Amino acid sequence: MKAIVNDSFGGPEVMRVASVPEPTPGPGQVLVKVVATSVNRPDVVQRQGNYPPPPGDSNILGLEIAGTVAALGDGVDQWRCGDRVMGLVGGGAYAEFSLAWPGHLMRIPESMSWEQAACVSETYITAHLNLFQFPGLLDGQQVLLHGGGGGVNTAAIQLCRALAPSVKILVTASTTKVQRVRDLGVDHVIDYQQRSFQEEVAKLTDGRGVDVILDHIGAAYLHANLKSLAVNGTLMLIGVMGGAKSDLNLAQLMVKRQKIAGSVLRPRPVGEKSAIISRFASEALELFSDGKIIPLIHKVFPLEKVVEAHKLMESSGHFGKLVLIIDSEVSL
Ligand SMILES: NC(=O)c1ccc[n+]([C@@H]2O[C@H](COP(=O)([O-])OP(=O)(O)OC[C@H]3O[C@@H](n4cnc5c(N)ncnc54)[C@H](OP(=O)(O)O)[C@@H]3O)[C@@H](O)[C@H]2O)c1
């Protein structure tokens, strides 16, 4: 089958199209013929050599798929060959065929295109997990989302608006993305390149701070994040684009009764991931079928242009998602 391989770690140029053996589903697994996938920032980190796949998962890049069920391993009875599915994989999405666990797949709503379906699993489930499943953001609370033009955070904005309409949404964005983030219907956009988000959050919340912060910057934002967090608030850490090590005043954390929680999705045990996906599907999938949420796609590339797609993601020139089409024969 056709797949993207990288013989070494490094810049986008280490990736190339190659012919590799098609995987065979083991007991309890599903083989999916992939129509489309999308580029996620963790793919970039893996390509650079800093995010290896969990043991047993494919070394091929790619964390989410949209396609049709092609074959079933022993004991799988939830799916039939030909079903249109989207879901998470531990690796291997940049390929014509990919292996998945049945509980990590969801039926694609009829109204959704393959391109849109390829954008749902990694970003919306990450946003749902780290806002609504834990720490349990409630309607009426205040949330700060960093990097409002990115894949996870455009998803987070849409989910907050749809699931908790009275949540006050504060978002940081780079100068060129401020207006587009504002157009998504958030309460306040802070241009982090022009202003201190800590000062802006203090002004916008009358010094109280927000209840939840979803952060992927890490060390560079740790102190400002904790200053922007209300008493009893939770800082959800899902990435370390701004460094992984920092110091911390534990006394302040204790006195303000704040929580810092880290979360990753990919290496979780199969059953735990199935439960997360099932909860996402029951609480949010209808929003996609009803057209209340439509994934924001910045650009669609054929798989062969994966180097271009990764370069665009690294430049942060995108707004929303970057899609890779693997099977262009299928009507999109
Ligand atoms: N833990 C998990 O389960 C999990 C799952 C998926 C993704 N992630 C992580 O989530 C993050 C986002 O992933 P993604 O796929 O959505 O990537 P993405 O589309 O590239 O989004 C990243 C965004 O961060 C913005 N940004 C960069 N520096 C910033 C700063 N100093 N302050 C505020 N925003 C900044 C970028 O835009 P500008 O540069 O224009 O501001 C860009 O919009 C990554 O760190 C990824 O590893 C974690």
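Values quoted throughout were computed directly from the atomic coordinates according to the rules given, and no laboratory measurement underlies them. As the structure is a computational prediction, the values presented were derived from the model and not from experiment. Virtual Cβ from ideal backbone geometry, glycine too; neighbours counted across all protein chains shown.
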Exercise for the section: First check a/c for the range 37-147, with a ≥ b ≥ c the square roots of the eigenvalues of its C-alpha gyration tensor; if it is under 1.5, answer rounded, and if not, answer prolate when a/b is larger than b/c or oblate otherwise. Expected result: oblate
Problem - Amide proton proximity set for Leu137, modelled H, under 5 Å, gap of 5+ - result: Phe132
Problem - Furthest towards positive pole of dipole, Leu129, Ile293, His188, structure part the chain, Cβ charges - result: His188
Problem - Footprinting exposure proxy for Tyr221, Tyr51, Tyr192 (fewest neighbouring C-beta atoms within 10 Å first) - result: Tyr51, Tyr192, Tyr221
Completion exercise
Arg195 and Asp247 label points (each 7 Å along its Cα→Cβ direction) are spaced in nm at 3.0 nm
Handout entry: Average projection area in nm² (convex hull over Cα atoms of the range 270-332, one quarter of hull surface)
Key = 6.3 nm²
Completion exercise
Taking the alpha-carbon centre of each part, the distance from the range 29-74 to the range 98-174 in Å is 19 Å
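Of Ser58, Ser246, Ser282, how do they rank once you tally other Cβ atoms within 10 Å and put the fewest first? Don't skip to the answer; put the middle values down first.
Working: Ser58 19, Ser246 13, Ser282 9.
Listed from fewest to most nearby Cβ atoms, that is Ser282, Ser246, Ser58.
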Completion exercise
Per the Kirkwood formula over distinct C-alpha pairs, the hydrodynamic radius of the range 50-98 in angstrom is 11.8 Å
Practice task
Give me the Kirkwood hydrodynamic radius of the chain, using the inverse of the mean 1/r over all pairs of distinct Cα atoms, in Å to one decimal.
Solution key: 20.3 Å
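Over the chain, what is the mean sequence separation of C-alpha contacts under 8 Å (at least six apart), divided by residue count, expressed as relative contact order in percent? Walk me through the intermediate numbers first.
Details: 721 pairs, mean separation 61.5, N = 332.
That works out to 19 percent.
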Practice task
Could you tell me whether the range 188-306 comes out rounded, prolate or oblate from its Cα gyration tensor? Rule is a ≥ b ≥ c as square roots of the eigenvalues, rounded for a/c under 1.5, then prolate if a/b exceeds b/c, otherwise oblate.
Solution key: prolate
Exercise for the section: Could you pull out every one of the aspartates and glutamates with an alpha carbon less than 12 Å from that of Lys227, ignoring same-chain neighbours closer than 8 positions? Expected result: Glu199, Glu200, Asp211
Handout entry: Sorted largest first, extent of the range 135-262 alpha carbons per principal axis (Å)
Key = 40, 29, 26
Exercise for the section: Could you please rank Lys305, Lys292, placing first whichever residue has the fewest other Cβ atoms within 10 Å of its Cβ? Expected result: Lys292, Lys305
